Amino acid sequence: MQLETIKLVPGELIFNFDELKGQLSERLENYKGLVVTEDNEREVTKDKAELNKLVKAIDDYRKNQKKEMSAPITEFENKCKELTSLVTNVVTPIADQLKAFEDARKEEKRTEVQRHVEKVINDLGLNQTYSSQLDIIDKYLNKTQKLTDTINDLEKRGKILKQAQDQEELLEKAKREKIDLIQKTIEDINKKYQLDFKISDFFYLQMEEARNIPNLIESKAQEYLENLKKKQVVVEEKAEVKEVIQEEKIYKFILGVTASLEQARLLKEFLDKNNIQYSLKKED
């Protein structure tokens, strides 16, 4: 079955183009360089309306002729669409059935592949976090995909996930061991020096090597004790000074002074500044 053109007549329309063009050119020559004035405004307005009518007449003629010339093409397109519909009305049900058949095949293959996915997960001992990443990718369901290739790819991906899982578990184990070491060291330090260190103050040591952790906590304790000792010394020194001030004995003196008024004023300022009690009696 083959499409064949029996007759093709190219569209052709001949009209008095040259005649009209000559007439228009001659007539329009009168309007070139036209200047509108108060005297000719009414006449020019009428001419403009006539020219617009001419433009509309030409455009209407073009549209009508184009519509008539397009009619065979429209009829041709409709006939081709009718033929296409005859085919698609048959093809669509077939395509739907083939799709349903293909979907069933893929689902059957998916079930088979899923059994191998679960086997790889169980064999490697993947936890929920990593087993969820071993999914069925589209190429596993292709008609040309061999089951052996799918199994090999699953095992390869599973081993990579297992390595990542083991690495994470090792890091978590090391973290727990460091926390236990920090906790035990703090308990020993608190007991040794009668302190009250909290593990929350030393979580940053998880980034340190385990062998360095006890020495770092010991150094922190020594630093704390040294600062505490300095504070106690300061407190004791202040207490001693206060005690000396409190125990200082007060004596009463009788002092006779011969001085000018200016000297007496200066003496009074000195006594007041140093909080020395005095009484002043001027002799005749």
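The values are calculated or read from the model by the stated rules, or taken from the named source; none is laboratory data. The structure displayed is predicted, hence computed values, not measured ones. Glycine gets a Cβ as well: all are built from the backbone with ideal geometry, and neighbour counts include every protein chain shown. Please note that ligands, DNA and RNA were not included when accessible areas were found on the heavy atoms of the full protein model with its side chains. Shrake-Rupley method; radii C 1.70, N 1.55, O 1.52, S 1.80 Å.
Data overview
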{"read-out": "Percent RCO, i.e. relative contact order, over the chain, from Cα pairs under 8 Å lying at least 6 residues apart", "value": "9"}
{"read-out": "Accessible carbon and sulfur surface of the chain relative to its total accessible area, %, 1.4 Å", "value": "55"}
{"read-out": "Solvent exposure of the stretch 1-148 as accessible area per residue, Å², 1.4 Å probe", "value": "89"}
{"read-out": "Residue order for E68, E77, E218 - accessible surface, 1.4 angstrom probe, largest first", "value": "E68, E77, E218"}
{"read-out": "Using alpha-carbon coordinates, inclination of helix 41-124 to the longest axis of the chain, degrees", "value": "60"}
{"read-out": "The chain - charge dipole about Cα centre, Lys and Arg +1 at Cβ, Asp and Glu -1, debye rounded to 20", "value": "620"}
{"read-out": "Nearest 10 degrees, 0 to 90: helix 17-28 Cα axis against the chain principal axis", "value": "60"}
{"read-out": "Area of K81 that stays accessible when all protein chains are in place (1.4 Å probe, Å², to 10)", "value": "130"}
{"read-out": "In degrees, nearest ten, helix 213-247 long axis to first principal axis of the chain (Cα)", "value": "40"}
{"read-out": "Average projected area [Cα convex hull, the stretch 90-163], square nanometres", "value": "5.4"}
{"read-out": "Cα convex hull of the stretch 1-85 - mean projected area over all directions, nm²", "value": "9.1"}
{"read-out": "Two-decimal Rg to Rh for the chain - Kirkwood Rh, Cα set", "value": "1.56"}
